[in-house]
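What follows is a short report on a single structure.
The values are calculated or read from the model by the stated rules, or taken from the named source; none is laboratory data. The model shown is predicted, which means the values in this text are computed figures rather than measured ones. Cβ sites come from the backbone with ideal geometry, for glycine too, and all protein chains shown count toward neighbours.
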Amino acid sequence: MKILQVHNAYQHLGGEEVVVNAEYDMLKDYGHNIHQWIVQNLGIDNVNILKKANIALRSVWSDKSYQQAYKKLQEFKPDVVHVHNTIPLISPSIYTACNDVGIPVIHTLHNYKLICPGAYLYRQGQACEDCVGKAVAYPSIAKACYRGSCSQSAVTATGLAFHKLLKTYQKNIDIYITLTRFAREKFIQGGLPAEKIAVKPNFVSSDIQVGEHKGQYALFVGKLVEYKGIETLLKAWHLLDESIPLKVVGQGPLEILLKSNLPKGLEYLGTLPRDKVIHLMQNASVLIFPSEWYEPFGMVAVEAFATGLPVIGSRVGGISEIVKEGYSGWTFTPKDAQDLARTVKLAWSDIAELRRRGVMARKQYEDCYSQEQNYRMMMNIYETAIQWHQAGRKSLTVF
């Protein structure tokens, strides 16, 4: 199969880039002819105001990207186009180019950008759905949800409204991929057609081995930002009446919290390369995943599962689908430091149960998040998109 993979990379490379490259490597390893079209955002924050305005307009529609896409499609002649992100430089013009050439389109929804100008469904420490389902996401403008700017939020909201009016996202994309059932429901509430939305989680490469987990410490890995629950984590560790070692890996604006008044037993390691993070997982007793927003997917949790490490995760968004209470881990009430402290004490007090849930975590990884399983799901989606497109998009039931 010939596949064109499309992605507008972010200025600060993160999880989406990891997923895009992992899927590229997987499809290439299975013998497919896959070509990447990656556009970089580097330097756009440093341009003058006129160029920024031009970039904002291009994020709604770009003639240049349309022409580039049309040319690539004519030359490469892919069987499918798999889009990951189009904002700001590629723009939704890619979908029109694919339709004009007659190529089916798959789009992976890594965040909530199509129903929330801020992309996170999170504002001021709380989940926020004020714009979900609205024809115009006007609340986001007054609240400056995109980059803290009313003007940039207005452009983003206008772009979403424009393409809703044209039904770009309803008509010009054959299949959407969400990473959890929870995210699928949110996008349906936001107006995307349910019959076009498949659920396919991300995967972890099969080179991660099960660890011995003899380090006797808990582990947190993630960005040090409010919505990742780092403040709740620190409060919970202050509440523990026993010293449970905790290693923290990551960086971010809340790093300052880890440089004073640390709870007993906490060790801050900063950022580490992936191989060292995996090594920490292989020796840890439990991973703490205290996120407070609607995580589209918990890649850190799944990497922990691959090493046989159980997870204590917050009951919010799709995390409850990944961290299964009584099976691959424990769950607690998000933003509730007391409940997190109670859950940590409960897990830490039963070594046999930690090990049992670790075994189940590895099994869940093999059943749901392995490369082999993911490849089968991906091929089913691609083949369904091709069949649906060849049938003239007449059937109303794709998924």
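Which of (1) under 22 Å from Glu231 (Cα atoms); (2) crowded, with 19+ Cβ neighbours inside 10 Å is the odd one out, the single condition Thr333 does not satisfy?
(2)
Quick test for you: out of Leu224, Leu257, Leu219, Leu262, pick the one residue that is free of Cβ contacts under 8 Å to residues at least 40 places away in the same chain and surrounded by 18 or more Cβ atoms within 10 Å (Cβ to Cβ). Please lay out each step first, then the result.
Values: Leu257 fails: surrounded by 18 or more Cβ atoms within 10 Å (Cβ to Cβ); Leu219 fails: free of Cβ contacts under 8 Å to residues at least 40 places away in the same chain; Leu262 fails: surrounded by 18 or more Cβ atoms within 10 Å (Cβ to Cβ).
The unique qualifying residue is Leu224.
If only one of Tyr169, Tyr176 is touching a strand residue (DSSP E or B) at 6+ places or on another chain (Cβ under 7 Å), of a type in the set (Ser, Thr, Tyr) and closer than 27 Å to Val101 by Cα, which one is it? I'd like the intermediate steps shown before the answer.
Values: Tyr169 fails: touching a strand residue (DSSP E or B) at 6+ places or on another chain (Cβ under 7 Å).
After ruling out the rest, the residue left standing is Tyr176.
Glu295 is checked against (1) outside any helix (DSSP H, G or I); (2) touching a Lys or Arg at 6+ places or on another chain (Cβ under 8 Å); (3) not assigned by TED's automatic domain parsing to the domain that holds His82 and fails just one. What number does that condition carry?
That leaves (2) as the condition not met.
Among the residues of region 227-254 satisfying the criterion of being more than 19 Å from Gly15 (Cα to Cα) and of a type in the set (Ser, Thr, Tyr), which is surrounded by the fewest Cβ atoms within 10 Å (Cβ to Cβ)? Before the answer, list the steps.
Let us first name the residues in region 227-254 that are more than 19 Å from Gly15 (Cα to Cα), namely 231-247, 254.
Checking the rest, the ones that are also of a type in the set (Ser, Thr, Tyr) come to 232, 243.
Numbers: Thr232: 25, Ser243: 11.
Ranking the candidates gives Ser243 first.
Which pairs have Cβ atoms under 6 Å, sit 6 or more apart or on different chains, and link a residue in region 377-393 that is over 12 Å from Met1 (Cβ atoms) to one that is part of a loop (DSSP other than H, G, I, E, B)?
Cβ pairs passing all conditions: Met377/Lys200; Trp388/Asp174; Trp388/Val398; His389/Pro104; His389/Asp174.
Pairs please, first residue from region 183-203 and free of Cβ contacts under 8 Å to residues at least 12 places away in the same chain, second anywhere and of a type in the set (Ser, Thr, Tyr) and assigned to a strand (DSSP E or B), Cβ atoms under 9 Å, 6+ apart in sequence or on different chains.
Qualifying pairs under 9 Å: Glu185/Thr178.
Say we look at region 88-101 and pick out the residues that are touching a helix residue (DSSP H, G or I) at 6+ places or on another chain (Cβ under 6 Å) and assigned to a loop (DSSP other than H, G, I, E, B); which of these is surrounded by the fewest Cβ atoms within 10 Å (Cβ to Cβ)?
It comes out as Pro88.
For (1) polar (S, T, N, Q); (2) surrounded by fewer than 17 Cβ atoms within 10 Å (Cβ to Cβ); (3) closer than 23 Å to Glu292 by Cα, each residue gets a yes or a no:
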position: Lys77; (1), (2), (3): no, yes, no
position: Val81; (1), (2), (3): no, no, no
position: Ile106; (1), (2), (3): no, no, no
position: Ile115; (1), (2), (3): no, no, yes
position: Gln124; (1), (2), (3): yes, yes, yes
position: Lys143; (1), (2), (3): no, no, yes
position: Val155; (1), (2), (3): no, no, no
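Condition check ((1) assigned to a helix (DSSP H, G or I); (2) outside the structural domain of Ala385 (by TED's automatic domain parsing); (3) modelled with pLDDT under 95) across all residues:
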residue: Ile103; (1), (2), (3): no, no, no
residue: Cys116; (1), (2), (3): no, yes, no
residue: Tyr120; (1), (2), (3): no, yes, yes
residue: Asp130; (1), (2), (3): no, yes, no
residue: Tyr146; (1), (2), (3): no, yes, yes
residue: Ala154; (1), (2), (3): yes, yes, yes
residue: Leu160; (1), (2), (3): yes, yes, yes
